[in-house]
Structures are given as C-alpha cells and as structure tokens.
C-alpha cells in the first residue's frame, strides 16, 4: 500500500517538508496533547482505537509530519463501517485533522491525496462523513472543492439518518455523508 518501508514504518509520501507515514504508538500522546492545547476536548482513546484497528488490518492510519513534527492525521477503512455506504463496500475516510498551527501549508491536501490513493486500491468510489457545525467548516469546503457529493440520504445523527422535523444536537455526531469517484 505504501511507497516504501523504512524500518518498521511505511512511508506513503516524502517530499519537501512533509512526510506521510503510518500512525505509531508514540504519535498518540503528541496528537492528543496538541489538540488539548488548542482547546479541543479529546482523549487518547480515539487514536488508540485507530492504532489498534491498523494493527488488526481494519484500517490504514496515517500521520503527516511537517518539518519533523506530527502535524495531522487521516484514516482509511477499506470497507465503510457506518452510514449509508455500509452495504456498498466503499472505503471510508475517517477522522481527518490537521493541527491548527500547521494549517495552510498543504498538509491537509496531501493527506487527502494519499488517503484517496489508498482508497483507490479497494474501490473506484470513496466516502466520508463530515460534521455540520462550524468547527468542520474548512473540511466541508475542502471536500466540496475535491469533488465530494452528498449521498442524498440527508443528515445523520450517529448511526441513523435524521427524521424530518425532529430535533437533533449540532455536535460531532451530526454528519452529512459524501462520496467521490476516484479513477
């Protein structure tokens, strides 16, 4: 899947100041500490799960380094595990982020390029879900610019499509699912 192994780690991209490689155990506390420092409410659990899924072969967990520092992450699940694509067998991009201090340096675009390349090894279509509150604004714009289109099932809250005229909390579980052909 990756371009080249380097010791025990797989390097998917290395050019200029950016390296994209598999998530390592030591990255978990770095990412969590940095996100807490920028005011996010996170624990190591999410990243430990991604690391475990990678070890089990359920996901490809990627980290971007910028000038030697962990700067972002993205995960590809070869088969979507939730939302409207669960029975279609599409790979899903999950949990994508670039630390605030590293944004606007091409890291997010390169992470998406590599994630889409990895996903293309499983299908000609990739999917993702994006949160709807303003904290996801830059991701929403990026996905549209990259050609992702809503799937047509409306907004989802957790594992279910929202029912018309019902009330839902605008938190991280309120999402819109989108897909894109990657040929």
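The values are calculated or read from the model by the stated rules, or taken from the named source; none is laboratory data. Computed from a predicted model, the values in this text were never measured in an experiment. As a convention, Cβ positions derive from the backbone with ideal geometry for all residues, glycine included, and neighbour counts pool all protein chains shown.
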Fill in: Residue within region 133-146 that is over 30 Å from residue 19 (Cβ atoms) and either in contact with a helix residue (DSSP H, G or I) (Cβ under 8 Å, 6 or more places away or on another chain) or exposed (fewer than 13 other Cβ atoms within 10 Å of the Cβ) (or both) present
yes
Worksheet item: Counting only residues that are over 18 Å from residue 158 (Cα atoms), in contact with a helix residue (DSSP H, G or I) (Cβ under 9 Å, 6 or more places away or on another chain) and either part of a strand (DSSP E or B) or in contact (Cβ under 8 Å) with a residue 40 or more places away in the chain (or both), how many does region 80-126 have?
Response: 8
Item to complete: Would you mind stating whether residue 136 is in contact with a strand residue (DSSP E or B) (Cβ under 8 Å, 6 or more places away or on another chain), free of Cβ contacts under 8 Å to residues at least 40 places away in the same chain and within 17 Å of residue 40 (Cβ to Cβ)?
Response: yes
Worksheet entry | Where residue 178 falls short, out of the listed (1) touching a helix residue (DSSP H, G or I) at 6+ places or on another chain (Cβ under 8 Å); (2) farther than 17 Å from residue 92 by Cβ; (3) assigned to a strand (DSSP E or B) | (2)
Worksheet item: Can you name the residue in region 127-156 that is under 13 Å from the mean Cα position of the chain (by Cα) and part of a strand (DSSP E or B) and, of all such residues, is farthest from residue 83 (Cα to Cα)?
Response: 131
Worksheet item: Can residue 72 be described as touching a strand residue (DSSP E or B) at 6+ places or on another chain (Cβ under 7 Å), assigned to a helix (DSSP H, G or I), closer than 21 Å to residue 147 by Cβ and without any contact (Cβ under 8 Å) to a residue 40 or more places away in the chain?
Response: no
Practice prompt. Of all residues in region 84-119, count the ones that are over 15 Å from the mean Cα position of the chain (by Cα) and over 25 Å from residue 32 (Cα atoms).
Written response: 6
Worksheet item: Restricting the first residue to region 144-167 and requiring it to be without any contact (Cβ under 8 Å) to a residue 40 or more places away in the chain and on the phi > 0 side of the Ramachandran plot, which pairs with a second residue that is surrounded by 10 or more Cβ atoms within 10 Å (Cβ to Cβ) and outside any loop (DSSP other than H, G, I, E, B) meet a Cβ separation below 6 Å and a spacing of at least six or different chains?
Response: 147/180; 154/161
Item to complete: Name the single residue, out of those in region 10-46 being loosely packed, with under 15 Cβ neighbours inside 10 Å and part of a strand (DSSP E or B), that is modelled with the highest pLDDT.
Response: 14
Response to the item:
Residues in region 157-175 that are closer than 27 Å to residue 40 by Cβ and part of a loop (DSSP other than H, G, I, E, B) total 10
Worksheet item: In region 70-82, which residue that is surrounded by fewer than 23 Cβ atoms within 10 Å (Cβ to Cβ) and at pLDDT below 95 is nearest to residue 122 (Cα to Cα)?
Response: 79
Worksheet item: For region 57-67, which residues satisfy the criterion of being touching a residue at least 12 places away in the same chain (Cβ under 8 Å) and more than 16 Å from the chain's Cα centre (by Cα)?
Response: 66, 67
